[in-house]
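Remarks on the structure that follows.
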Amino acid sequence: MSTSTSPGGRARPLRVLHVASEVAPWSQTGGLGEVVGALPDAVARAAARTGDDVHVTLVTPLHRGVAERIGGAGLALGEPRHHTVTVGATRIEVQLRPLYRAGHVTIWFVDAPHLYDREGVYGPRGGGDHPDNPLRFAVLCRVAVEIGAELCGGEVDVVHAHDWQTALVPVYLRVGPPTPTASVFTVHNLAFRGLVPMHMVEALGLPWSVYDHHHMEHWGELSLLKGGLGYADVATTVSPTYAREILEPEFGEGLDGFLRWDVERLVGIRNGIDVEAWDPARDPTLPARFSATELGPRQVCRRDLAARHGLAIGDDTVIAVVVSRLAAQKGLDLIAELVPDLHHFDVRLIVLGSGEPELEARWRWLAEVFREHVSVTIGFDPAEARRMFAGGDVLLMPSRFEPCGIGQMYAMRYGAIPIVHAVGGLRDTVLDPGDAGLLAGAGTGIAFTGGDAAALRHALERALRLYRGDRDGWQELQRAAMLHDWSWGPSAREYVQLYRAVARARRAAEAG
């Protein structure tokens, strides 16, 4: 039973406060928002199933448009609570507005229009970051540290902060007055290090003692991410393989030595997906619904997808889909190199995403020149993404590095077989025992090493041989991928155990 003891000797719940810069479905720019939108609720559910008394709360900014989205969902924000927080020498007025959901996590939105009511969560599209982002997110961190107990209904046992935007939470907890509150810090992508100029140390309310290479100094700048990793009681990543990879120079983003020597504990816990929200047997966005035991209707989704994108297909044509940020990290340039040869493979390619302007322009050009084989939509349409997972035969995901990845799990849930570069979370989730094992239903997808266009081409050719050579075996592979447990349940149980252990260790350290 995850409880602590109150001053009167009575058991009380373990209180966990999540802090994040975005949370789906209210504010989201990518995988971070999606994870934070699901994990706190999954933790609360997992604890309830095992009899653990764990109360989970979430605090996040009230970005532009969030209140309207909440209203559009038939919900309403509660009455505001007025507070003042201090960042360095600056006192800042904020309002805290709750969103209550019976039986689930309470979300507190930090309402500070001068900080958050602006275009873009991090910056206007195509215009870079907002220059005051360090202050904007420092305020969020101070809210968690100064007001967390009021938001959670009592003393906070564990604060769980996510990515560089909230990395100052563990720092503030440890460089401030002694506190029994423990911290867990999750890095979702080490490439985003939260670099700010050295002169901002005092403006962010930090002592100069943090500015050395064992703490937050990074090549003459201040790395907020580094502070979160180093000051947290436990640092986590979003997959076990990524936790190992970032200890090496290839994936360590210049922090591998720091992670090996100055981070006391680093744990990898795989992300999950909401298998109830992502269920092809109940998905209202699909033209036909299907399941692992009834794959026949999936052909309707396949034909519908090709028709809506103006692509002609035959029985042996393979539809490859890409749902991704258009970024070099995601290997979109590697996929682009294969486009001129798609007609030789009898492959149709459908791409959905946005990102780096150069890649957007390149993909627009490819869609124009190779329009009989390629369809590209710049932007993001959640319903169309679901239809692509349901109608595509394979998903291409050749990321150069991938902390976890969620798209491959959505694809497998919907019967689209992922073709992935075997790195990070892709290695942990896409199981490739070889062609015979895949056709026997012993794996979940095709993984390749090498990380170049030639390796991706070879992996695609493998998929084509399997698809055309043994259709029954291909369906066994689809069933295995769809039936694998990609839910948050196992990971959420790991987090409950981690919270319990870290809270106990922190209380013991403060008492000693």
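What the Cβ-Cβ distance of residue 497 and residue 150 gives, at R0 = 22 Å and to the nearest 0.05, is a FRET efficiency of 0.20. Where does helix 471-483 land angle-wise versus the long Cα axis of the chain, in degrees 0 to 90, nearest 10? The helix 471-483 is inclined about 10 degrees to the chain.
For the pair residue 361 and residue 442 in one chain, pulling the backbone fully straight at 0.36 nm per residue adds 25.2 nm over the alpha carbon distance. Extension gain for the segment residue 179 to residue 125, taken as residue separation times 0.36 nm less the Cα-Cα distance, is 15.4 nm to one decimal. Debye sum, Cα scatterers, segment 298-483, no solvent: what log₁₀ I/I(0) at q = 0.08, 0.10, 0.16, 0.18 1/Å? Per q value, in the given order, log10 I(q)/I(0) is -0.21, -0.33, -0.92, -1.21. The calculated FRET efficiency for residue 295 paired with residue 380, based on their beta-carbon distance and R0 = 25 Å, is about 0.35. Segment 457-510 and segment 11-50 have Cα centres spaced 19 Å apart.
Segment 67-94 and segment 182-261 have their alpha-carbon centroids 28 Å apart. Along the axis of the charge dipole computed for the chain (Cβ charges of +1 for Lys and Arg, -1 for Asp and Glu, origin at the Cα centre), the listed residues 105, 127, 63 are led at the positive end by 105. Taking the helices alone, the chain has a mean residue ellipticity at 222 nm of -11000 deg cm²/dmol, built from -39,500 (n - 2.57) per DSSP H run of at least 4 residues and averaged over all its residues. Work out the FRET efficiency for residue 89 and residue 198 from their Cβ-Cβ distance, taking R0 = 22 Å, and round it to the nearest 0.05. After rounding to 0.05, the efficiency reads 0.80. Tell me the angle of helix 133-152 to the major Cα principal axis of the chain, expressed in degrees between 0 and 90 and rounded to the nearest ten. Around 70 degrees separate the two axes. Only Cα pairs under 8 Å and 6+ residues apart enter the sum, and on that basis the relative contact order of the chain stands at 12 percent.
To the nearest 10 degrees, how steep is helix 489-511 against the longest Cα principal axis of the chain, on a 0 to 90 scale? On a 0 to 90 degree scale, this one is about 20.
Only the coordinates and a few stated rules stand behind these numbers; no lab work does. Just so we're clear, the structure is a prediction, and the values are computed from it rather than from any experiment. Neighbour counts run over all protein chains shown; Cβ positions are idealised from the backbone, glycine included.
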